[in-house]
Amino acid sequence: MEREQALLIVKRQLTEQRYEHTLGVVETAVKLAKRYGADVKKAELAAIFHDYAKFRPVDEMKQLILAHNMPNDLLAYNSELWHAPVGAYLVQTEAGIDDPDVLDAIRYHTSGRAGMTLLEKTIYLADYIEPGRKFPGVEEVRRLAEEDLNRALLQAVQNTITFLLGKRQLIYPDTIHMYNSLVREVK
Ligand code: DGI
Ligand code: FE
Ligand code: FE
Ligand code: FE
């Protein structure tokens, strides 16, 4: 699918602010893909659609997780995690995106997982450092992203886990698995 058509489809699903975030992720993902050798067209498409399900009602997401073979353990964790796997499902069924690499990059863009592909890493990091992001520590991750993809990702997931610990929130096991996997990879 062409960029302009994909952007029109996703725009209808998002608020103005979330659409602006998406454009930031697209720009950043394309830059990272060129720098680190990921497939630029796949990175662009995954970035455009990554937050497709962000504004689906929690109840609808819950029903889709139960009905379509997504990990049911997600339901015992923060519903902020759900739009990623639900998004992968809806982007396939509603927008007709069939590339499994693109769908996995959407599916794992929030939780991460062990052994992430180059494309999954590209989207995860682009989502974290796009120019509209303001949270503490993002500048350091932006700097790391200039030279070392894995070190940047490790800092990003460390920040996320620290943030969740600070609020004494649950941490989804795939996020811990991403952290462990990257600690091994950067050795
Ligand atoms: O959808 P975005 O806001 O662009 O970003 P995202 O898809 O990375 O969502 C991040 C949110 O998910 C963030 O507010 C933290 C929250 N969250 C809740 N539980 C977990 C979690 N994030 C991770 N990585 N792991 C969790 O267990
Ligand atoms: Fe998201
Ligand atoms: Fe993220
Ligand atoms: Fe996002």
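A short reminder: the numbers here are calculations on the coordinates, not readings from a lab. No experiment lies behind these values; they were computed from the predicted model shown. Note that we place each Cβ from the backbone using ideal geometry, even for glycine, and neighbour counts take in every protein chain shown.
Looking at region 1-46, the trypsin sites (Lys or Arg not before Pro) that sit in a DSSP loop and have at most 10 other Cβ atoms within 10 Å of their own Cβ are Arg12.
Placing +1 at every Lys and Arg Cβ and -1 at every Asp and Glu Cβ, with all other atoms neutral, what dipole size does region 31-172 have around its Cα centre, in debye to the nearest 20?
Value, rounded to 20: 420 debye.
Each Cα pair under 8 Å and six or more residues apart adds its separation to the average, and for region 55-187 the resulting relative contact order is 22 percent. Report the residues of region 125-151 in range of a label on Glu20: point 7 Å along Cα→C-beta, backbone N strictly under 13 Å from it. Counting only backbone N, you get 131-134. A viscosity of 0.890 mPa s and a temperature of 25 °C, combined with the Kirkwood radius over Cα pairs in Stokes-Einstein, give a translational diffusion coefficient for the chain of 149 µm²/s. Of the GluC sites (Glu not before Pro) found in region 2-40, those in coil by DSSP whose Cβ has at most 11 other Cβ atoms within 10 Å are Glu2.
State which entries of Lys42/Lys62; Lys54/Lys134; Lys11/Lys167; Lys41/Lys134; Lys11/Lys134; Lys34/Lys62 exceed 25 angstrom in Cα-Cα distance in the structure shown. Beyond 25 Å between Cα atoms: Lys42/Lys62; Lys11/Lys167; Lys41/Lys134; Lys34/Lys62.
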